[in-house]
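**Q** There's a structure below that I have some questions on.
The values are calculated or read from the model by the stated rules, or taken from the named source; none is laboratory data. Please read these numbers as outputs of a predicted model, since none were measured by experiment. All Cβ positions, glycine included, derive from the backbone under ideal geometry; neighbour counts span all protein chains shown.
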Amino acid sequence: MTRRLYQGVPDIADVSDLIGAASHCANTRASKNPIPRPCSLIPGAVAAGDKLHEECGVVAIYGHPNAAREAYLALYALQHRGQESAGIATADGAHLANIKGMGLVSEIFTDDVIAKLPGPMAIGHTRYSTTGDSALLNAQPIRVDSTRGLIAIAHNGNLVNLGNLRTRLERDGAYFQTTSDSEIIVQLIAHSHAGTLVDCIADSLSQIEGAFSIVMMTRDRIFAARDPRGFRPLSIGRMKQPDAPDAIVFASESCAFDLLRAEFIRDVLPGELVMVSEDGLTSRQYATGIPQSSCIFEHVYFARPDSRIFGRWVQESRDEMGRQLARESGVPADVVVPVPDSGVTAALGYAEESGLPFRLGLIRNHYVGRTFIEPEQRVRDFGVRLKLNPVRNLLVGKRVILIDDSIIRGTTSRKIVRMVRGAGAREVHLRISCPPTISPCFYGVDTPRKQDLIAANNSIEQIRQFIEADSLAYLSLEGLLASVRNGHNVGYCTACYTGVYPTEHIDVEEILPAAAAL
Ligand code: SF4
């Protein structure tokens, strides 16, 4: 059954796609609330499947005759960053069209739909949203008819100083049609007193705090920017064209370039604003001197292993995490088995380092949609059995080292341990390729409350008992940092493992121990 539902009107500012829009990847908290809260506090929201979820992927294309189709292909490659809704806006120098829909990129953007998106410029967005706020109104790009002209914007991340900005803008006469922080950015641009549009954008970006990788489009220009700490990835690529200048592409992850046959140029730098126009590509640093704090969990779990982010291949990082895990917490065993798919690369590294055989002892059903993912715990447990099935002949009588990338609530891990043991494994040793998750994220990742994070409220031995494993070990923070840095001095955010946040404006109540919150 199709879940397709469209919204989009060419050219004119589409007011209907703004009313009540509360982008999840762009902060959905009540607009008057000055303190951002973890995304799971949205009513009805859950971390489906007991995994943390990335929230968005963004893409931009400049100077390609089929920009909408190229944006579609890039979004297709970024589908893992959000499966609930997607949108593409295009511009042809005079008009700005925008179509958004619910569902997967391939469900929304059929040939007929793409044909309604003319022009050599495009921006696109794919979005994960939790059950409670899954709505077309929350899809991006959003398009605003500002005093600076029509602007379409797509945003990955969460701002953390919304309340102050919104209050100030409203005092200055701003009329908000949405509660999304993407609109706050556009309103800041509209109310800036700077001279040129690019100055206005730089001025507005320097006023916001938090995580944002943004692509923006006017009728004739594309802009791309990252926040000064560089929380979320954003890369620049180039597409060769016969008899025409190179097309420029921006994407959340470099894996999108491969499908477009684009060449990776470099990352957009933290605090950098890049503009592409008929004059070519220009850049400026709108913020300097702020320490980088890129999201380390992108390397652990979110990004695709065939992407290069923050200057390092994700596959290499995950392989090294597995090797380091084997060095730190090796245990006598017969086989190394990944929890697919995200545990596979770390398990390969663990197996090579330990000299143990790697076996695909769990098979994932890739055709399970989100239909079965519901808030009730009963249904979530069922979802694990729908998704994973043991290969009994590989497990029976074996001492199994199970490699996964995280334990959030612990309920899914317990199910998987039981599944492996139920398939005949003699021992089950769970190894996690990152440190215990003890604190929620405020920078664009769907996280349970602190009181629901099992590692925030229990010792490792208590977690081991809960998940019923013979042994349990996590990768150390030092081991994780060494795995992702590989000698390069990149600054990383590790707040969900340490509780030490790189920005102000976070909800202190949410990071108190569970007992204090009762
Ligand atoms: S708190 Fe964790 S998930 Fe959030 S940005 Fe920092 S490292 Fe990433």
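**Q** Tell me, please, whether a residue that is among the aliphatic types (A, V, I, L, M) and under 24 Å from residue 416 (Cα atoms) can be found in the range 286-302. Write out each step before concluding.
**A** From the range 286-302, those among the aliphatic types (A, V, I, L, M) are 287, 290, 296, 300; that's our starting set.
Okay, now just the ones that are also under 24 Å from residue 416 (Cα atoms), so 300.
Yes - at least one qualifying residue is present in the range 286-302.
**Q** Find all pairs meeting these conditions: Cβ atoms under 8 angstrom apart; at least six residues apart or on different chains; first residue within the range 447-464 and in the same structural domain as residue 414 (by TED's automatic domain parsing); second residue at pLDDT below 90 and among the hydroxyl-bearing types (Ser, Thr, Tyr).
**A** 447/40; 448/40; 449/40; 452/40; 453/447
**Q** For residue 434, are the conditions met, namely being under 20 Å from residue 320 (Cα atoms), crowded, with 20+ Cβ neighbours inside 10 Å and touching an Asp or Glu at 6+ places or on another chain (Cβ under 7 Å)? Break it down into steps so the answer makes sense when it comes.
**A** Details: under 20 Å from residue 320 (Cα atoms): yes; crowded, with 20+ Cβ neighbours inside 10 Å: yes; touching an Asp or Glu at 6+ places or on another chain (Cβ under 7 Å): yes.
It is true that residue 434 is under 20 Å from residue 320 (Cα atoms), crowded, with 20+ Cβ neighbours inside 10 Å and touching an Asp or Glu at 6+ places or on another chain (Cβ under 7 Å).
**Q** Okay, next question. Could you list, in sequence order, the residues of the range 223-254 that are touching a residue at least 60 places away in the same chain (Cβ under 8 Å) and surrounded by fewer than 23 Cβ atoms within 10 Å (Cβ to Cβ)?
**A** To start, the set of residues in the range 223-254 that are touching a residue at least 60 places away in the same chain (Cβ under 8 Å) comprises 224-225, 227-235, 239, 241, 244-253.
Scanning the range 223-254 gives 239, 241, 244, 245, 246.
The rows are residues; the columns are (1) modelled with pLDDT of 95 or more; (2) out of contact with any Cys (no Cβ under 8 Å at 6 or more places or on another chain); (3) in the same structural domain as residue 338 (by TED's automatic domain parsing); (4) among the aromatic types (Phe, Trp, Tyr).
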{"site": "263", "(1), (2), (3), (4)": "yes, yes, no, no"}
{"site": "268", "(1), (2), (3), (4)": "yes, yes, no, no"}
{"site": "271", "(1), (2), (3), (4)": "yes, yes, no, no"}
{"site": "274", "(1), (2), (3), (4)": "yes, yes, no, no"}
{"site": "278", "(1), (2), (3), (4)": "no, yes, no, no"}
{"site": "281", "(1), (2), (3), (4)": "yes, yes, no, no"}
{"site": "284", "(1), (2), (3), (4)": "yes, yes, no, no"}
{"site": "295", "(1), (2), (3), (4)": "yes, no, no, no"}
{"site": "302", "(1), (2), (3), (4)": "no, no, no, yes"}
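**Q** Restricting attention to the range 381-412, and to residues there that are in a loop (DSSP other than H, G, I, E, B) and among the charged types (D, E, K, R), which single residue is modelled with the highest pLDDT?
**A** Pass one, the range 381-412, residues in a loop (DSSP other than H, G, I, E, B): 391, 396-398, 405-410.
Still in the list and also among the charged types (D, E, K, R): 398, 405, 409.
On the way: 398: 98, 405: 93, 409: 92.
Top of the filtered list is 398.
**Q** For the range 460-485, give me each residue that is within 16 Å of the ligand (Cβ to nearest atom) and in contact with a Ser or Thr (Cβ under 6 Å, 6 or more places away or on another chain).
**A** 475, 483, 484
**Q** Report the residue count in the range 263-280 for those that are within 15 Å of residue 215 (Cβ to Cβ) and touching a strand residue (DSSP E or B) at 6+ places or on another chain (Cβ under 6 Å).
**A** Final tally of qualifying residues: 7.
**Q** Scan the range 486-507 residue by residue and report those that are away from the ligand (no atom under 11 Å from the Cβ) and touching a residue at least 12 places away in the same chain (Cβ under 8 Å).
**A** 486, 488, 490, 491, 504, 505, 507
**Q** Ok, one more. Taking residue 307, is it touching a Cys at 6+ places or on another chain (Cβ under 8 Å), of a type in the set (Ser, Thr, Tyr) and closer than 26 Å to residue 446 by Cβ? Explain how you work it out, then say what you get.
**A** On the way: touching a Cys at 6+ places or on another chain (Cβ under 8 Å): yes; of a type in the set (Ser, Thr, Tyr): yes; closer than 26 Å to residue 446 by Cβ: yes.
So residue 307 fits the description; yes.
**Q** Something else: If you scan the range 204-222, which residues turn out to be in contact (Cβ under 8 Å) with a residue 40 or more places away in the chain, more than 24 Å from residue 262 (Cα to Cα) and not in a strand (DSSP E or B)?
**A** Once the filter is applied, which keeps residues that are in contact (Cβ under 8 Å) with a residue 40 or more places away in the chain, more than 24 Å from residue 262 (Cα to Cα) and not in a strand (DSSP E or B), the range 204-222 yields 205, 206, 207, 208, 209, 211.
**Q** In addition: Quick one: in the range 258-298, which of the residues that are farther than 30 Å from residue 240 by Cβ and within 16 Å of the ligand (Cβ to nearest atom) is surrounded by the fewest Cβ atoms within 10 Å (Cβ to Cβ)?
**A** 291
**Q** Looking at the structure I just gave you, is residue 325 touching a residue at least 40 places away in the same chain (Cβ under 8 Å), of a type in the set (A, V, I, L, M, F, W, C) and under 22 Å from residue 72 (Cα atoms)?
**A** Values: touching a residue at least 40 places away in the same chain (Cβ under 8 Å): yes; of a type in the set (A, V, I, L, M, F, W, C): yes; under 22 Å from residue 72 (Cα atoms): no.
So residue 325 does not fit the description; no.
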